[in-house]
Amino acid sequence: MPNLSYHRPSSIAEAARLARDDPDAKLLAGGQSIIPSLKLGLLAPSAFIDLGGLPELRGVRLEGRSLRIGAMTSHAEVANSPEVRKHVPALAHLAAGIGDRQVRNRGTIGGSLANSDPAADYPAAVLGLGAEVRTDRRAIPADSFFKGLFETDLGRDEILTAVEFPLPERAAYVKFPQPASRFALVGVFVSLTGKSVRVAVTGAGPCAFRVAALEQALAKRFAPESLNDITMPADALNADLHGSAEYRAHLIPVLTRRAVTQALA
């Protein structure tokens, strides 16, 4: 493992300054993705800028018709939050199914989103609920945030501070997990708010994405049978030893039907 420096800033402004001053430094949240990458030699940062000492980046609070979740809030805190369980139970369910107990207690929502792993769970919720990603500079709509494989709209020294989730009328998340890691082979998040339906998929492509055909069918009638005749093309979907692109394409409408059934329960 290479030698590197370690910084523990006392404010968001200090963290941003450290990131600006050292282009090779990496922001550190829970470390559940970045530390394994470092051990495998996939990263060689000059320094870590640890955001763990910034309490303003933690916590869940209700703000009008949205839930604001701080970027350093752990998966376990999201899963166990009374506010999340009451207002967006699908999000609590999603967080409770991430990784194992260690990952849930150390990993953070902001770290997961900034990393944009193609099989991570939170990107499906952010897209599926039409959330807004807040940084130290701006607000980024969910539909503009995910750009590709491990790529987001965040600038190199931009700090993700919180995520604001609108409260849906109905929502559910269903995933087909890889048994060892519990990453999503395919995961589908569905939400209904008024006449607006969002269907977001993770695990199947280079990054999370929405499926217009499923959304349009469910907007006409929010019921699992509305999707019976819809199939997904396998073009550009992921393929690996756990599942072919065709298998993932088959899973998307299957899991969407299950998610709609759960949302209606």
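A short reminder: the numbers here are calculations on the coordinates, not readings from a lab. From a predicted model like this one, the values you see are computed outputs, not experimental measurements. Using ideal geometry, Cβ is built from the backbone for each residue, glycine included, and neighbour counts are taken over all protein chains shown.
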(request) Once you have a ≥ b ≥ c as the square roots of the Cα gyration tensor eigenvalues for the stretch 123-265, tell me rounded if a/c is under 1.5, and otherwise prolate or oblate according to whether a/b is larger than b/c. (result) oblate
(request) Neighbouring Cβ atoms within 10 Å as the yardstick, rank Ser33, Ser181 fewest first. (result) Ser181, Ser33
(request) Calculate, in nm to one decimal, what Ser144 and Tyr6 gain on full extension: separation in residues at 0.36 nm each, minus their alpha carbon distance. (result) 46.5 nm
(request) Calculate the length of the line joining the C-alpha centroid of the stretch 25-58 to that of the stretch 162-225, in whole Å. (result) 29 Å
(message) Starting from the 7 Å offset along Cα-to-Cβ, what nm value, one decimal, do you get for the label separation of Asp100 and His250?
(response) 3.1 nm
(message) Could you identify which residue out of Leu154, Leu129, Leu38 has the top mean-square fluctuation in a GNM of the chain using Cα springs shorter than 10 Å?
(response) Leu38
(request) For a footprinting-style exposure proxy, rank Lys86, Lys26, Lys175 by other Cβ within 10 Å, fewest first. (result) Lys86, Lys26, Lys175
(request) Give a residue-ordered list of calculated ³J(HN,Hα) values for the stretch 194-211 (Karplus: 6.51 cos²θ - 1.76 cosθ + 1.60, θ = phi - 60°; whole Hz; x for Gly, Pro). (result) x, 9, 8, 10, 10, 10, 10, 10, 10, x, 9, x, x, 8, 4, 8, 9, 10
(message) Using a Cα-Cα cut-off of under 12 Å, which aspartates and glutamates could be cross-linked to Lys175, ignoring same-chain neighbours fewer than 8 residues away?
(response) Asp121
(request) Tell me what the chain gives for mean residue ellipticity at 222 nm when only DSSP H runs of n ≥ 4 count, each as -39,500 (n - 2.57), the sum divided by the residue total, rounded to 500 deg cm²/dmol. (result) -9000 deg cm²/dmol
(message) Rounded to the nearest 20 debye, what is the charge dipole size of the chain about its Cα centre when +1 sits on each Lys and Arg Cβ and -1 on each Asp and Glu Cβ?
(response) 680 debye
(message) Taking each pair of distinct Cα atoms in the stretch 71-127 once, what is the resulting Kirkwood hydrodynamic radius in Å?
(response) 11.1 Å
(message) Only counting other Cβ atoms within 10 Å, I'd like Tyr122, Tyr247, Tyr6 sorted with the fewest neighbours first.
(response) Tyr6, Tyr247, Tyr122
